[in-house]
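Structure record follows, encoded as structure tokens.
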Amino acid sequence: MSKQLYWEDIEVGSQVTPLSKVATTQMLVKWAGASGDFNPLHYEDTFATSQGVGKPIVHGQLKRAWLIQLVTDWIGEQGILKKFSCQFRAMDHPRLMKDMSEPQEGETWWCKGKVTKKYVEGGEHYVDCDIWIENGKGEKTTTGSATVALPSPILSC
Amino acid sequence: MLPQEIVQLIGKTGEITVLEVEKGAIKKFADAVGDANPLYRDEEYARSTGFGGIVAPPGFFGWPTKWKSAMPFFSEIRQEVVDTIAKAGYSRILDGGIEYDFYHPVRAGDTLSALSKVKDIREREAKAGKMILSVIETTYTNQNGDIVAKAHQTLISR
């Protein structure tokens, strides 16, 4: 695990450590199995076309799970995710597979975030941040926010 | 004005559904996200942390006995809302996002019960035309009676 983040390490404007992801058709099939969302919109070309989205699209719930990972990776094991929200702004289309395990060339997505507020409430040390996913063109296709509680070795002594 | 049959759904609750949080399902979920965190798969490691054992990633609540999916997005009450609104002429559904409040970790071996409720339904005039926003609240409670999380899911019907 990465090193523990402390409340003192953070200022308003601090960056959440970015997390990169590559959505592939294979990943969406895996997600369908793990989540139970078998909507063919996410893996069948003809169906996706008939629904007006052109090509299969990345599950919103998977993008949400990426953003949760962004936050939990950043806050470490002693950090607690208290509140999380996200909205889907635009569709994302997965890369196709080149072979059994490698995706074709294409887009890479970046999960990112920025601290918007830092405060103490009821003895807990909170940080609010804006979080989002950028597609290969740098457009935010998913946006959200998170509130986390972080350990504070200085203030709890 | 929303038709009466839609207004009547506000405040309605679905049935309680039981969710089993299995260790294997947690790992499979984390694998699908691409999250290699050992807390979700390595018993020995997880036991050495403050969690004391394998936990689920926030947002994963195991597999339900009644819903079709591990997510609350296929609950019966959600379907009733979607169907009723579709009958009024808004049959295209978009995911309007989700909000979670997390209170306690979900652990491997937990049995959760989930209860979904229609929190709100309202009309909104947007650039793209009239739409109906529905908010479904799902409360997850563990076997000890602790509320572990609440989810507020927004559906957009157009």
From Cα coordinates alone, what are the radius of gyration and Dmax values for the stretch A:56-132 in angstrom?
-> 16.1, 53
Counting helices only, and only those DSSP H runs with n ≥ 4, report the 222 nm mean residue ellipticity of chain A as the sum of -39,500 (n - 2.57) divided by its residues, in deg cm²/dmol to the nearest 500.
-> -6500 deg cm²/dmol
Tell me what chain B gives for mean residue ellipticity at 222 nm when only DSSP H runs of n ≥ 4 count, each as -39,500 (n - 2.57), the sum divided by the residue total, rounded to 500 deg cm²/dmol.
-> -5500 deg cm²/dmol
In terms of solvent-accessible area of protein heavy atoms at a 1.4 angstrom probe, what is the ranking of B:MET1, A:MET91, highest value first?
-> B:MET1, A:MET91
Using only Cα atoms, find the angle between the long axis of helix B:76-87 and the longest principal axis of chain B, and express it within 0 to 90 degrees, rounded to the nearest 10.
-> 20
Just how far, in whole angstrom, is the stretch A:1-77 from the stretch B:27-55 if you go by their alpha carbon centroids?
-> 18
Karplus (6.51, -1.76, 1.60) ³J(HN,Hα), θ = phi - 60°, over the stretch A:65-80, in Hz, Gly and Pro reported as x = 5, 4, 5, 5, 5, 3, 6, 5, 4, 5, 7, x, 5, 8, x, 10
Under a 1.4 Å probe, counting only protein heavy atoms, A:LYS55 has an accessible area in Å², nearest 10, of 120
Amide H to amide H, which residues 5 or more places from A:SER14 or on other chains are under 5 Å from it, using H placed in the peptide plane?
-> A:VAL115
3J(HN,Hα) from dihedral phi, the stretch A:100-109, Karplus parametrisation 6.51/-1.76/1.60, rounded to Hz, x for glycine, proline = 4, 10, 9, x, 5, 4, x, 5, 10, 9
Could you please put A:GLU124, A:GLU105 in sequence from largest to smallest accessible area, using a 1.4 Å probe?
-> A:GLU105, A:GLU124
So the pair-distance distribution of chain B, from every Cα-Cα distance in 5 Å bins, comes to percents of 2, 9, 17, 18, 17, 12, 9, 7, 5, 2, 1, 0
Could you give me the ³J(HN,Hα) list for the stretch A:57-62, computed from phi with Karplus coefficients 6.51, -1.76, 1.60 and θ = phi - 60°, whole Hz, x at Gly and Pro?
-> 10, 5, 4, x, 5, 6
Expressed in square angstrom to the nearest 10, the accessible area of A:PHE47 with a 1.4 Å probe stands at 70
Kindly sort B:VAL135, A:VAL120 by accessible area of their heavy atoms, largest first, with the probe set to 1.4 Å.
-> A:VAL120, B:VAL135
Got a number for the accessible area of B:GLU22? Probe 1.4 Å, square angstrom, nearest 10.
-> 110
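The values are calculated or read from the model by the stated rules, or taken from the named source; none is laboratory data. This is a predicted model, so every value here is computed, not measured. Remember, those area values only see protein heavy atoms, side chains included, never the ligands or the DNA or RNA. Shrake-Rupley method; radii C 1.70, N 1.55, O 1.52, S 1.80 Å.
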